[in-house]
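Notes follow once the structure below has been shown.
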Amino acid sequence: MLVRIGSRGSRLALTQAEQAADAIRRPGIEIAFVPITTAGDRDRTRPFGQIGERGVFVKELEEALLAGRIDVAVHSAKDMTSTDADGLAVGAYLARDDPRDALVGAAALRPGMRIGTASARRRAQLLALDPDISVEPMRGNVDTRLRKLHERGLDAIVLAACGLDRLGLSSEIGARLDPAVMLPEAAQGALALQVRAGEEDLVARADDAATRARVEPERRCVATIGAGCLAPVAAHHDGATLQALIADEDGAWLERRSGDDPAALAAELVALADAHGR
């Protein structure tokens, strides 16, 4: 049986596709990799909000699944929309890697630093911590961002720790930011194997129950808020409690709460944001 695995074409994405293949490979299964270029890959200069809605790195993969050109799409789960596209399902989440954000170029956050990131979530939390920090927009894959760190003379950049770990670049990390300091993106650190609805058995053996139990409440919380990676929203489940936040894009206010019910937590945060005149 031939299983066609679709992924983006970056070095990190292909590394992640190999991880997925290892997780689903068994006797009688032949794997073929199908690199797919997404809108986020084609446009590497404009901010995500000018390219389209959340999902700029997944839409073309989902279309290939629905058209039958691939059988499994491998996503960084944090890049996915907060709800599944019609006709598709996440058949498996691989065991979650480090969900934290990583500071690269410095060992700690300091007042007045120049920090590069394309994430509204990271920008808002950095400015809430210290309004004197200068947050500069930065797009590109991991290797490109590492190069830009030095070319632009920045003090640091913030990346997902898991991506650096997967690429063997852990030595670049100056500090792994505790979620108490920088709450991660919903589903950060997890890889999602998306399939056509009804074909979940194709990847079910790779599903990590503990990861699903944490990631799905995070995604539900963000979906209920109705935001995503284009807005300063975060959600992270540590295995005991779900924490979430919503913030002003410039860090003027930030509301962070914890609870067990994703919908109730989201409703509380929306009410708080509305009180700030969001």
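The values are calculated or read from the model by the stated rules, or taken from the named source; none is laboratory data. None of the values given here were measured: they were computed from a predicted structure. Please note: Cβ atoms are built from the backbone with ideal geometry, for glycine as well, and neighbour counts cover all protein chains shown. What goes into the accessible areas is simple: the full protein's heavy atoms, side chains included, and nothing from ligands, DNA or RNA. Shrake-Rupley method; radii C 1.70, N 1.55, O 1.52, S 1.80 Å.
Here are a few things to note about the model shown:
- Full extension of the chain between L129 and A67 gives 17.8 nm of extra length, using 0.36 nm per residue less the Cα-Cα distance.
- Assigned charges on the beta-carbon of Lys, Arg, Asp, Glu; the chain dipole about Cα centre (debye): 680
- Its Cα gyration tensor gives the stretch 168-278 an equivalent ellipsoid, and the semi-axes of that ellipsoid, as √(5λ) in whole Å with the largest first, are 27, 19, 13.
- Of the complete DSSP H runs in the chain, those spanning 18 angstrom or more by Cα along the long axis with a mean Kyte-Doolittle score not below -0.5 are 11-24, 209-225, 262-275.
- Solvent exposure of the chain as accessible area per residue, Å², 1.4 Å probe: 42
- Percent accessible area from carbon and sulfur atoms, the chain, protein chains only, probe 1.4 Å: 49
- Rounded to the nearest 20, the size of the Cβ-charge dipole of the stretch 50-113 about its Cα centre is 360 debye, with Lys and Arg at +1 and Asp and Glu at -1.
- What the pair-distance distribution of the chain shows, using all Cα-Cα distances binned every 5 Å from zero, is 1, 6, 13, 17, 19, 17, 13, 8, 4, 1, 0, 0 percent.
- The calculated FRET efficiency for A210 paired with D260, based on their beta-carbon distance and R0 = 22 Å, is about 0.85.
- Between W253 and R147, the simple spin-label model (points 7 angstrom out along Cα→Cβ) gives 4.3 nm.
- Here the peptides 4-14, 59-69 are ranked by packing, the mean other Cβ count within 10 Å, and the order with the highest first is 4-14, 59-69.
- Added length on full extension, which subtracts the Cα-Cα distance from 0.36 nm per residue, D22 to D86: 20.3 nm
- The packing ranking, built from the mean of other Cβ atoms within 10 Å per residue, places the peptides 197-210, 109-122 in the order 109-122, 197-210, highest first.
- Modelled label reach - T37, point 7 Å along Cα→Cβ, the stretch 70-92 residues with backbone N closer than 19 Å: 70
- Within-14-Å neighbourhood charge of R96 [Cβ basis; K, R +1; D, E -1]: -3
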